[in-house]
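Everything below concerns the one structure shown next.
The values are calculated or read from the model by the stated rules, or taken from the named source; none is laboratory data. Since the model is a prediction, treat every value here as computed from it, not as a measurement. For neighbour counting, all protein chains shown are included, and Cβ atoms are generated from backbone atoms with ideal geometry for every residue, glycine included.
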């Protein structure tokens with residue numbers, strides 16, 4: 001799938017001129033003459049970035065960004081504008097925009113900004129993909145394997161895990177092998193990396209004064 005550069009501007013001359021420049025540079029361009037039109041055609045699953053006019057009749061550029069945020073996905077945005085106050089420019093850049101370019105747009109700066117936007121989009125999508133894979137692997141674990149993983153991920157030995165869960169060391173080793181196979185990791189650093197990508201800095205550990213008997217029921221010692 002080729003990345004798409006959405007170009008949104010209510011000025012037909014600007015829309016036509018910038019589209020031609022981007023097309024000639026090899027980009028796939030989808031032009032829209034208003035924020036409303038763009039929101040109708042934009043698909044969150046499409047890779048790419050958006051060149052967005054800041055001031056437009058109807059929905060402004062910031063209105064469009066707010067609507068994208070409400071829908072749950074904001075692609076990299078490059079704002080273009082005829083004029084902008086410093087306070088507004090600061091707000092725009094703090095909102096996460098790739099760049100803010102003033103009209104008439106310098107074409108070299110536009111191409112550079114688009115390149116940065118597409119690179120950012122690729123990084124984000126790659127990260128989301130890795131997170132999804134990591135979560136899917138973690139969800140494949142049984143409840144007992146997740147209990148073992150809680151302790152293993154925090155560096156506990158097999159003996160400590162066995163005592164905490166009321167099982168034998170041999171059983172712990174079997175569970176660890178199953179965990180490594182399902183998660184496709186070989187070492188503890190790989191395991192921690194997978195947990196991080198899955199959105200877990202570490203697995204929460206059960207309190208030390210809790211034990212799991214062989215019947216699977218918890219009891220508090222002492």
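Kindly indicate whether residue 64 is under 22 Å from residue 13 (Cβ atoms), in the same structural domain as residue 12 (by TED's automatic domain parsing), assigned to a helix (DSSP H, G or I) and in contact with a strand residue (DSSP E or B) (Cβ under 8 Å, 6 or more places away or on another chain).
On the way: under 22 Å from residue 13 (Cβ atoms): yes; in the same structural domain as residue 12 (by TED's automatic domain parsing): yes; assigned to a helix (DSSP H, G or I): yes; in contact with a strand residue (DSSP E or B) (Cβ under 8 Å, 6 or more places away or on another chain): yes.
Here the answer is yes, as residue 64 does meet what is asked.
When the residues of segment 1-24 are narrowed to those that are outside any helix (DSSP H, G or I) and modelled with pLDDT of 95 or more, which ends up farthest from the chain's Cα centre (by Cα)? Write out each step before concluding.
Filtering segment 1-24 for residues outside any helix (DSSP H, G or I) gives 1-11.
From what's left, modelled with pLDDT of 95 or more: 4-11.
Working: 4: 18, 5: 19, 6: 20, 7: 23, 8: 24, 9: 28, 10: 31, 11: 33 Å.
In this case the residue turns out to be 11.
Would you mind finding the one in 84, 90 that is over 30 Å from residue 179 (Cβ atoms), outside any helix (DSSP H, G or I) and modelled with pLDDT under 95?
84
Taking the residues in segment 25-54 that are within 25 Å of the chain's Cα centre (by Cα) and assigned to a helix (DSSP H, G or I) as candidates, determine which candidate is farthest from residue 111 (Cα to Cα).
Here the residue is 40.
Out of all the residues in segment 1-48, which are touching a helix residue (DSSP H, G or I) at 6+ places or on another chain (Cβ under 9 Å) and on the phi > 0 side of the Ramachandran plot?
48
Which is part of a helix (DSSP H, G or I), in the same structural domain as residue 13 (by TED's automatic domain parsing) and touching a strand residue (DSSP E or B) at 6+ places or on another chain (Cβ under 8 Å), of 109, 100, 127? Show your work before the answer.
Values: 100 fails: part of a helix (DSSP H, G or I); 127 fails: touching a strand residue (DSSP E or B) at 6+ places or on another chain (Cβ under 8 Å).
109 is the lone residue from the list that is part of a helix (DSSP H, G or I), in the same structural domain as residue 13 (by TED's automatic domain parsing) and touching a strand residue (DSSP E or B) at 6+ places or on another chain (Cβ under 8 Å).
What's the number of the only condition in (1) over 18 Å from the mean Cα position of the chain (by Cα); (2) loosely packed, with under 13 Cβ neighbours inside 10 Å that residue 146 fails to meet?
Residue 146 satisfies all of (1) over 18 Å from the mean Cα position of the chain (by Cα); (2) loosely packed, with under 13 Cβ neighbours inside 10 Å except (2).
Among the listed residues 51, 80, which satisfies the condition of being assigned by TED's automatic domain parsing to the domain that holds residue 109, under 18 Å from residue 124 (Cβ atoms), in contact with a helix residue (DSSP H, G or I) (Cβ under 9 Å, 6 or more places away or on another chain) and surrounded by 15 or more Cβ atoms within 10 Å (Cβ to Cβ)?
Details: 80 fails: under 18 Å from residue 124 (Cβ atoms).
After applying the criteria, what remains is 51.
Can you pull out every residue in segment 64-77 that is surrounded by fewer than 21 Cβ atoms within 10 Å (Cβ to Cβ), more than 11 Å from residue 39 (Cα to Cα) and either in contact (Cβ under 8 Å) with a residue 12 or more places away in the chain or in contact with a helix residue (DSSP H, G or I) (Cβ under 6 Å, 6 or more places away or on another chain) (or both)?
Of the residues in segment 64-77, the ones surrounded by fewer than 21 Cβ atoms within 10 Å (Cβ to Cβ) are 66-74.
Filter again for more than 11 Å from residue 39 (Cα to Cα), leaving 66, 69-70, 72-74.
Answer for segment 64-77, where residues must be surrounded by fewer than 21 Cβ atoms within 10 Å (Cβ to Cβ), more than 11 Å from residue 39 (Cα to Cα) and either in contact (Cβ under 8 Å) with a residue 12 or more places away in the chain or in contact with a helix residue (DSSP H, G or I) (Cβ under 6 Å, 6 or more places away or on another chain) (or both): 72, 73, 74.
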